[in-house]
Amino acid sequence: MSRTLPPLVALRSFESAARHLSFKDAAEELNVTPSAVSHQIHNLETFLGVRLFHRMNRSLKLTGAGETYVLKVRMAFDQIEQATRDLSSSASVDVLTLTAPPSLTATWLVPRLRNFRQKYPDFDVRVKGTMEDIDYARENVDASVRYGYGDWPGVKVEHLMVERMLVLCSPKLAVGSPPVHVPSDVLRHTLIHSESRLTGWGDWLRAAGLGHVEVPGGFRFTHSAHSLRAAADGLGIALENDLMAADYLAEGALVAPFSPGFEMPRPAAYYFVCPAEKLHEPKVLAVRDWLREEFKAAELQRKG
């Protein structure tokens, strides 16, 4: 539906004349002639079908309709002015848009963004948690941390860290009845499954030498952040990424009975991904270098 709007130039002339109560002063402000202001206001009154001014010999006075209308016109102008300032302000800041898996974002990335901000204060950061494929041009995304096997076509891919899976449970559950001492003990407890992980309980049980046992059900969560929270709350035993579990382990909310666990035949990994044409942009280089440092620090912590 089309809008019914008077010409902007007529509204500007009206607002200025109403503020000054003078065509002459309004003309000086708008850098036009008084007759041009008078003409624009006449056109506006014709458009509206309402008189806006009482014209007297040496002065102007707003009509009742004019007083009501100018208040609303000024509110509209104020909103346009503020929107313009906001846009100009945001345009002057270089915004980095980064995507990452939702659970990695919640458990690991967000707590470390302060470091990025301190090191690169000129870049604002927009983080989108997603596991979906990204159309970088259409979605206006600069770069990603992606989880998988690194086989994404048409983009630049740099390996950051191999995933290491750990069996995790609350300290109380680990020494409870029954305790968790050997791999087969996990089958006597409720298992927590993360549907977003490429490695599951069946893979871990086979790597632990238990063969093709039937994997029990239990709790299933879409994201690892929820699985970790459930394990910390004592709902069962989770098989999770050590990177995401780092803070839980450091706080003692979770323990890893079989740390460092068993190597998976084909471990997934985290990768830095971006379009080739963006690779040399300062903000993309900044986030790539920062991610390299953070993942390197996590790798050193893992080995320590």
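Brief remarks follow.
- Between the helical axis of 8-20 and the longest alpha-carbon principal axis of the chain there is an angle of about 70 degrees.
- Remark on the stretch 1-151: Rg and Dmax equal 26.1, 83 Å (Cα only).
- The alpha carbon gyration tensor of the stretch 98-169 gives principal lengths a ≥ b ≥ c with a/c of 1.5 or higher and a/b no greater than b/c, which makes the shape oblate.
- Amide H contacts of residue 50 (H built 1.01 Å from N, under 5 Å, at least 5 apart or other chain): none
- Gyration tensor (alpha-carbon) shape descriptor, the stretch 175-271, a/c threshold 1.5: rounded
- Highest-first arrangement of 63-70, 134-141, 163-170, 195-202, where packing means the average Cβ count within 10 Å: 163-170, 195-202, 63-70, 134-141
- Dipole in debye (nearest 20) - the chain, about Cα centre, beta carbon charges: Lys, Arg +1; Asp, Glu -1: 800 debye
- Contact order normalised by residue count of the chain, Cα under 8 Å, 6+ apart, percent: 19 percent
- Translational diffusion of the stretch 8-91, µm² s⁻¹ [Kirkwood Rh, Cα pairs; Stokes-Einstein; 37 °C; 0.692 mPa s]: 245 µm²/s
- Choice from 77, 221, 47 showing the highest fluctuation, given a GNM over the chain with Cα pairs closer than 10 Å: 47
- The stretch 1-71 and the stretch 193-241 have their alpha-carbon centroids 72 Å apart.
- Of the options (1) -0.50, -0.91, -1.01; (2) -0.37, -0.99, -1.09; (3) -0.31, -1.06, -1.19, only one is log10 I(q)/I(0) by the Debye sum over Cα atoms at q = 0.07, 0.13, 0.14 Å⁻¹ as computed from these coordinates, and that is (1).
- Sequence-separation-based contact order of the stretch 8-91, relative, with Cα cut under 8 Å and 6+ spacing, percent: 25 percent
Read-outs: derived from the displayed coordinates by stated rules, not from any lab. All values reported here derive from a predicted model rather than from experimental measurement. Positions of Cβ are backbone-derived with ideal geometry, glycine not excepted, and every protein chain shown enters the neighbour counts.
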